[in-house]
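The values are calculated or read from the model by the stated rules, or taken from the named source; none is laboratory data. Only a predicted model underlies this, so the values are computations on that prediction, with no experimental measurement involved. Cβ placement follows ideal geometry from the backbone for every residue including glycine, while neighbour counts extend to all protein chains displayed. Keep in mind that these areas ignore ligands, DNA and RNA; they rest on the heavy atoms of the full protein, side chains included. Shrake-Rupley method; radii C 1.70, N 1.55, O 1.52, S 1.80 Å.
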Amino acid sequence: DRPGAAAIVAALQQMIEFVSNIVLAMFLYVILLLISWQITLGITLVIGTIVFLIRKISYNYSVNVGNKRLSLSQDLNAIGSESISAIRQIKVFSHQNETSGKFKDKLTCLLKILLKFRIISVMPKPVGETLIVSGFVFVLLYLQYVNQSSLVDIIPTITLFALISQRFIPLSSTLYTQRMDILSLLPSLELVYNYFTADIAVEEINKGQEIR
């Protein structure tokens, strides 16, 4: 079996879900614009600014997690393979505790990295919901006390906007999480690409062809 098959399948699944969610998010965003383009653009400006500021950080962090996950996974596979192939020697020289200790340390480190990554990747949902609720409160206060608007006139619009936002915000946070997941898979996909190109180069050398 060629390595990286699981990474390819995971990346394809993430990409399909990512594209589907983008289409749905765009549809909901158009509805929000039709309900109240002023509120929608205001919220878009705030969230867009936050996303712009953290996008580079999230990119570097996701790729770094992918590199660490790949490295630790390879270490775990190597320790497991060596333990199986040399199980008699390990028993003879009583090194099983040392081997199991190394495996446990690597596994614990990997689990901590993945747990931290998952916590950070799902943070946009509560943050986004908090921003939306705060925005609604601000808009209501502004329309009631500054613009002197009647609550009877604005409550239906705000309510409809809130209902659509309840679906839009979780969807947007899911897109952010999926983006981080896809970025974290890039090192594994790069390894798969290098593996296949190396195989092709070897085949061309064996056939006496010039490497392109």
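Assorted remarks:
- Net charge over other residues, Cβ less than 12 angstrom from the Cβ of residue 65 (K, R count +1; D, E count -1): +4
- Within the shell of other residues whose beta carbon sits under 12 angstrom from the beta carbon of residue 176, the net charge comes to +2, with Lys and Arg scored +1 and Asp and Glu -1.
- Rounded to 0.05, the FRET efficiency of the residue 108 and residue 15 pair, given R0 = 35 Å and the Cβ-Cβ distance, is 0.70.
- Nearest-0.05 FRET efficiency for residue 131 and residue 30, computed from C-beta distance (R0 22 Å): 0.60
- At full extension, residue 45 and residue 194 could sit 49.6 nm farther apart than now, given 0.36 nm per residue minus the alpha carbon distance.
- Heavy atoms of residue 138: accessible area, 1.4 Å probe, square angstrom to 10: 140 Å²
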